[in-house]
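Right, one structure below, let's go through it.
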Amino acid sequence: MKILLCALNAKFIHTNIAVRFITEYCRHRGINDIGFKEYTINNMEEDIIEDIYMQRPDVVSFSCYIWNITMIKRICSVIRSILPEAVIVLGGPEVSYNPRKVLADVSCDYVISGEGEQSSFDLYSSLENKTGLSYVRGISYKNESAEIISTAPALPVGLADLPFAYSDIDTIENKIFYYEASRGCPFRCQYCLSSIEKGVRFAPIEKVKKELQIFLSKGVRQVKFVDRTFNANNSFALEIMNYIIENDNKITNFHFEAAADLLTDSFLQVLKTARKGLFQLEIGVQSTNASTLMAVSRTGSFEKLSERVNRILSFDNTHVHLDLIAGLPLEDFKSFRKSFNDVYRLRPHQLQLGFLKILHGSGMEEMAGKYGIIYHDYPPYEVLSTDCLSYDDIISLRVCEEMTELYYNSSRFCFSLEYLCNHTESPFDMFMLLGKIKNENTNGNAAHNKNDAYRFMLMAAQRLGNIDMNLFKWIVKLDYILHERPKGTPDWMKDCINLLHTHQINDLLINDSHVHTLLGDSECENIKRDLDKFYIEEMPFNPYTGEKKNVRIVINYKNRDLLGHAQSFLMNV
């Protein structure tokens with residue numbers, strides 16, 4: 001019996017750890033003719049269907065999430081027609097909590113609920129050996145009378161029994177490797193499916209170290225822990241972090257999702273010793289409204305979170321990503337504006353503004369009526385309005401989300417945003433103004449190019465009317481050249497032309513002793529070969545102090561900070 005597991009990832013850069021775990025788990029227990037294929041939701045459906053068909057599987061299993069379930073439903077319908085004898089199995093969070101509805105709506109034979117490794121193995125074995133389904137836990141199916149049968153819930157899988165997921169590591173290039181050292185979450189946030197699980201289970205620490213060493217020895221770019229709360233057990237987290245620091249290959253980056261409440265002094269002390277760029281931390285804030293957090297069973301104080309985040313940022317070695325959720329209970333437009341401003345003023349490296357999703361099986365699904373939450377009845381089930389937020393409010397917040405992504409999370413406008421923010425009532429109002437300018441100049445939905453974003457920034461400053469536009473143009477230009485060497489002169493930059501010609505810039509880079517001192521011997525050795533990796537800009541003010549005197553800024557595009565800014569040095573003219 002040939003078994004094929006299929007993953008439809010959101011992006012090409014992603015890998016799917018679920019299908020890998022199930023494949024390896026089954027292989028280690030004697031099922032040999034099993035494999036997996038990864039596609040993306042950006043692939044043509046017909047290409048995916050054709051690829052599955054050409055492999056002639058007896059069993060086709062799909063890993064289902066909110067971002068791919070609609071596409072999977074259509075693919076299953078076609079697979080049923082062209083491979084009528086094939087058994088179709090669905091698993092994953094999008095089908096685990098409503099299997100009866102899935103079996104009624106989708107052309108599939110079985111739904112696996114919860115953790116899939118043992119249930120998949122038992123189901124595949126029973127299908128192959130025709131032993132019946134009485135002992136298979138965690139599945140739902142239709143019997144011969146079309147009655148839907150659900151077996152006893154699956155038992156938690158021992159993490160010590162899970163094999164390393166990436167036996168194909170040598171074939172994977174330029175992708176994110178997802179890794180799991182624990183399952184479960186100590187918190188009960190009602191918008192999250194992790195709140196359903198009871199307790200947290202951890203893999204044996206020696207197993208974790210052994211598997212992390214594989215990533216380190218292979219020099220992969222990024223390992224992203226999918227643990228819901230990486231620091232749920234402080235000593236376990238510290239042992240992992242210390243091992244990574246001690247075995248750092250100077251290449252691999254590790255991403256953790258951490259709870260601010262549980263960030264201990266010992267955790268921060270270890271973090272402080274890490275190489276710049278070794279770790280990324282994602283911390284959920286969600287709201288700074290205490291009543292809202294209480295309504296969704298989320299604990300913690302924003303004051304404590306702020307203190308911890310500020311300490312981490314002061315280390316200047318760890319990328320910090322903070323999350324907000326719009327549409328939570330008891331949070332109106334004014335309250336969310338405050339939450340946004342509170343979090344923005346911490347200046348994280350990324351600020352993710354998401355919208356509440358009413359996930360099947362979550363506590364919020366049961367609470368939606370209580371708080372007047374109206375949401376899409378199709379994936380990703382995002383909020384449309386609440387008893388505190390109108391749909392007009394949601395539309396406005398989407399403008400803020402778009403501008404935050406474009407201007408803040410791109411990290412290309414740090415100096416410009418800081419200056420502009422100091423001349424607007426609040427960060428939130430600044431992004432709303434930028435969104436208004438953008439919509440006025442692109443008919444709302446029209447695509448825009450990179451230079452348009454700079455133009456909109458200048459137009460917003462002009463609209464404010466309390467800004468030194470000549471100075472601001474130079475600040476915007478500074479943001480521009482800190483990311484890329486100018487190859488032309490966009491219209492918005494024509495009022496601040498570099499006073500140095502190309503031959504003068506090159507001459508200074510090659511011959512000026514001061515420039516060489518700033519760059520250092522190692523960079524200067526190959527400067528002639530890498531002239532396009534360096535640049536000198538003459539500016540009428542010091543961009544770091546605001547002092548009005550001519551300075552030259554030397555930019556080295558070969559070295560960049562956590563935000564992607566090129567290394568820069570100032571020299572007096």
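Structure above, values below:
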| read-out | value |
| --- | --- |
| Residue in region 370-388 that is more than 24 Å from Gln190 (Cβ to Cβ), free of Cβ contacts under 8 Å to residues at least 40 places away in the same chain, open to solvent by less than 50 Å² (accessible area, probe 1.4 Å) and out of contact with any strand residue (DSSP E or B) (no Cβ under 6 Å at 6 or more places or on another chain) present | no |
| So Glu206, is it open to solvent by 40 Å² or more (accessible area, probe 1.4 Å), in a helix (DSSP H, G or I), closer than 23 Å to Phe267 by Cβ and out of contact with any Cys (no Cβ under 6 Å at 6 or more places or on another chain) | yes |
| Any hit, region 321-336, residues being within 21 Å of the chain's Cα centre (by Cα), on the phi > 0 side of the Ramachandran plot and in contact (Cβ under 8 Å) with a residue 40 or more places away in the chain | yes |
| Answer from Ser63, Ser77, Ser113 - the residue that is touching a Gly at 6+ places or on another chain (Cβ under 7 Å), farther than 25 Å from Phe177 by Cβ and modelled with pLDDT of 95 or more | Ser113 |
| Subset of region 172-202 (residues that are open to solvent by less than 10 Å² (accessible area, probe 1.4 Å) and part of a loop (DSSP other than H, G, I, E, B)) | Ala181 |
| Top-ranked residue of region 1-49 - restricted to ones that are out of contact with any helix residue (DSSP H, G or I) (no Cβ under 7 Å at 6 or more places or on another chain) and hydrophobic (A, V, I, L, M, F, W, C), ranked as least open to solvent (accessible area, probe 1.4 Å) | Val19 |
| Qualifying residue in region 254-268 (condition: open to solvent by 30 Å² or more (accessible area, probe 1.4 Å), assigned to a helix (DSSP H, G or I) and within 29 Å of Met367 (Cβ to Cβ)) | yes |
| Count of region 531-573 residues which are within 36 Å of the chain's Cα centre (by Cα), more than 22 Å from Lys276 (Cβ to Cβ) and of a type outside the set (A, V, I, L, M, F, W, C) | 7 |
| Identity of the residue in region 315-329, touching a His at 6+ places or on another chain (Cβ under 7 Å) and open to solvent by 10 Å² or more (accessible area, probe 1.4 Å), that ends up nearest to Thr252 (Cα to Cα) | His319 |
| Pair list, Cβ < 6 Å and 6+ apart or interchain, from region 157-179 residues that are over 16 Å from Val223 (Cβ atoms) to residues that are open to solvent by 20 Å² or more (accessible area, probe 1.4 Å) and part of a loop (DSSP other than H, G, I, E, B) | Val157/Glu115; Ala160/Pro204 |
| Enumeration of residues in region 88-98 that are in contact (Cβ under 8 Å) with a residue 40 or more places away in the chain and buried (at least 22 other Cβ atoms within 10 Å of the Cβ) | Gly91, Gly92, Glu94, Ser96 |
| Matching residues in region 284-314 - criterion: being at negative phi, surrounded by fewer than 20 Cβ atoms within 10 Å (Cβ to Cβ) and not in a helix (DSSP H, G or I) | Thr299, Ser301 |
| Subset of region 545-573 [without any contact (Cβ under 8 Å) to a residue 60 or more places away in the chain and on the phi > 0 side of the Ramachandran plot] | Gly546 |
| Per-region count, region 389-398, residues open to solvent by less than 70 Å² (accessible area, probe 1.4 Å) and in contact with a strand residue (DSSP E or B) (Cβ under 7 Å, 6 or more places away or on another chain) | 2 |
| Any chance Ser81 is surrounded by 15 or more Cβ atoms within 10 Å (Cβ to Cβ) and farther than 22 Å from Phe225 by Cα | no |
| Residue in region 456-467 that is out of contact with any Ser or Thr (no Cβ under 9 Å at 6 or more places or on another chain) and over 29 Å from Pro540 (Cα atoms) present | no |
| Selected residue [open to solvent by less than 50 Å² (accessible area, probe 1.4 Å) and at pLDDT 90 or above] from Met539, Met457 | Met457 |
| Filter result (at pLDDT 80 or above and either crowded, with 19+ Cβ neighbours inside 10 Å or in contact with a helix residue (DSSP H, G or I) (Cβ under 8 Å, 6 or more places away or on another chain) (or both)) within region 484-495 | Arg485, Pro486 |
| Residue in region 232-250 that is outside any helix (DSSP H, G or I), closer than 17 Å to Thr318 by Cα and either open to solvent by 50 Å² or more (accessible area, probe 1.4 Å) or touching a residue at least 40 places away in the same chain (Cβ under 8 Å) (or both) present | yes |
| Criterion (within 21 Å of the chain's Cα centre (by Cα), without any contact (Cβ under 8 Å) to a residue 60 or more places away in the chain and either open to solvent by 10 Å² or more (accessible area, probe 1.4 Å) or over 22 Å from Leu562 (Cα atoms) (or both)) met by exactly one of Glu440, Glu425, Glu405, Glu418 | Glu405 |
| Residue check for Tyr544: within 30 Å of Gln280 (Cα to Cα) and part of a strand (DSSP E or B) | no |
| The lone exception for Gly219 - which of (1) under 23 Å from Tyr179 (Cβ atoms); (2) surrounded by 15 or more Cβ atoms within 10 Å (Cβ to Cβ); (3) modelled with pLDDT of 95 or more it fails | (2) |
| Search result, residues across region 120-158 that are closer than 19 Å to Asn32 by Cβ, surrounded by 14 or more Cβ atoms within 10 Å (Cβ to Cβ) and not aromatic (Phe, Trp, Tyr) | Ser120, Asp122, Leu123, Ser125, Ser126, Leu127, Glu128 |
| Output for region 491-512, where each listed residue is assigned to a helix (DSSP H, G or I) and over 19 Å from Gln567 (Cβ atoms) | Asp491, Trp492, Met493, Thr502, His503, Gln504, Asp507, Asn511 |
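The values are calculated or read from the model by the stated rules, or taken from the named source; none is laboratory data. The model shown is predicted, which means the values in this text are computed figures rather than measured ones. Counting neighbours? That spans all protein chains shown, and the Cβs are built from the backbone with ideal geometry, glycine included. Heads up: the accessible areas ignore ligands, DNA and RNA and are worked out on the full protein's heavy atoms, side chains in. Shrake-Rupley method; radii C 1.70, N 1.55, O 1.52, S 1.80 Å.
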